[in-house]
Amino acid sequence: MPPSTDREPRVLLDGLAIGECPRWNEDEQRLWFCHWGAGEIIAVDLDGKSEVVGHGPPGLGWGIDWLPAPDGRLLVTGPELMRREPDGSMVVHADLRPISPYSWSEIVVDGRGNIYANSIAFDFTGGGQPTGGVIALITPDGAVRQVAGDLAFPNGIVVTPDNSTLIVGESFASRLTAFDIEPDGNLTDRRTWADDVGPDGITMDAEGGIWCSSAVMVNDCARIMEGGKIADRIPLDRGCFACMLGGPDGRTLFMMTAEWLGADKVDEALARRTGRVLAMEVDVPGVGWP
């Protein structure tokens with residue numbers, strides 16, 4: 001698929017360390033995201049006006065989402081799954097340590113209030129060896145259990161709008177993997193959704209396309225269809241860490257880009273402040289969760 005030559009992303013924010021886990025806040029009409037390396041949660045509007053709206057843990061590998069309305073409290077992953085209370089205090093939402101002692105990263109809350117969070121289950125920046133990542137389910141009543149394992153660096157997660165399918169990126173396997181979601185929230189019928197792609201943070205559109213990098217270490221954001229066909233591709237000048245469809249009509253594609261120097265040069269990459277938030281209009285609106 002040739003790149004989209006008639007459209008150019010616009011820069012909403014520049015000079016970030018690394019932006020990750022973007023989430024569109026419909027009520028505020030702003031994009032919220034994690035500012036890795038700064039421990040900040042930032043909200044930015046379509047004009048590029050931004051503010052710090054919260055804080056997360058230091059370093060890399062954490063994410064955000066919200067409990068369903070009318071609750072709407074903010075969830076933050078990291079060493080533990082935390083919840084922000086109305087007074088601004090942070091409390092543990094669920095104890096995930098029995099499933100994995102390592103940090104928790106990507107998170108999605110589906111339309112039934114089920115929370116899915118994943119852990120790569122090894123010390124990535126400390127030189128650890130992969131052991132097989134996991135996905136945990138936290139149900140609305142607070143019960144916690146593992147629902148998937150043996151994942152090759154689990155990354156971005158989406159849930160289809162009918163709550164029937166969960167798709168997760170396996171970065172170290174260069175694939176998108178799908179599961180059926182059972183009525184009790186369990187994941188079954190694991191299968192390859194697309195191979196030979198470069199998934200980090202991902203987002204889904206109304207025609208079933210998923211936006212992510214087209215391949216590992218390729219500077220682009222591509223629209224991947226089930227089976228792996230590339231339906232659209234946006235070339236970029238640095239890596240795309242995550243993306244999110246949002247905006248007033250769901251057709252604004254937000255891309256979190258930055259230079260990546262490798263797991264052994266994280267501090268150097270953060271210090272360079274190459275992170276950007278880009279935005280571009282696309283044809284098909286976003287659906288599902290997040």
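The values are calculated or read from the model by the stated rules, or taken from the named source; none is laboratory data. Quick caveat, the model's predicted, so the values are computed rather than measured. Please note: Cβ atoms are built from the backbone with ideal geometry, for glycine as well, and neighbour counts cover all protein chains shown. Please note that ligands, DNA and RNA were not included when accessible areas were found on the heavy atoms of the full protein model with its side chains. Shrake-Rupley method; radii C 1.70, N 1.55, O 1.52, S 1.80 Å.
A few comments on the model shown:
- Residue satisfying all of: in region 128-143; farther than 27 Å from residue 70 by Cβ and of a type in the set (S, T, N, Q); modelled with the highest pLDDT among these: 131
- Unique residue being under 24 Å from residue 122 (Cβ atoms), of a type in the set (Phe, Trp, Tyr) and surrounded by 17 or more Cβ atoms within 10 Å (Cβ to Cβ) when the list is 66, 104, 24: 104
- Scan of region 261-288 for residues that are in contact with a Ser or Thr (Cβ under 9 Å, 6 or more places away or on another chain) and of a type in the set (Asp, Glu), ordered by number: 264, 281
- Test: residue in region 33-50 that is crowded, with 17+ Cβ neighbours inside 10 Å, of a type outside the set (Val, Ile, Thr) and over 19 Å from the mean Cα position of the chain (by Cα): yes
- The residue list 72, 78, 88 contains one member that is assigned to a loop (DSSP other than H, G, I, E, B), within 23 Å of residue 119 (Cα to Cα) and not aromatic (Phe, Trp, Tyr), which is 78.
- Test: residue in region 74-82 that is at negative phi, open to solvent by 50 Å² or more (accessible area, probe 1.4 Å) and free of Cβ contacts under 8 Å to residues at least 40 places away in the same chain: yes
- Selection count, region 133-151, where residues are in contact with a Ser or Thr (Cβ under 7 Å, 6 or more places away or on another chain) and surrounded by fewer than 24 Cβ atoms within 10 Å (Cβ to Cβ): 1
- Pairs where the first residue, in region 26-55, is free of Cβ contacts under 8 Å to residues at least 40 places away in the same chain and part of a strand (DSSP E or B) and the second is open to solvent by 50 Å² or more (accessible area, probe 1.4 Å) and of a type in the set (S, T, N, Q), C-beta under 8 Å, 6+ apart: 42/50; 43/50
- Within region 160-171, considering residues that are under 16 Å from the mean Cα position of the chain (by Cα) and not β-branched (Val, Ile, Thr), the one most open to solvent (accessible area, probe 1.4 Å): 171
- Filter result for the condition that a residue is aliphatic (A, V, I, L, M) and touching a Leu at 6+ places or on another chain (Cβ under 9 Å), over 44, 52, 76: 44
- Residue 125, sole failed condition from (1) buried (at least 21 other Cβ atoms within 10 Å of the Cβ); (2) modelled with pLDDT under 95: (1)
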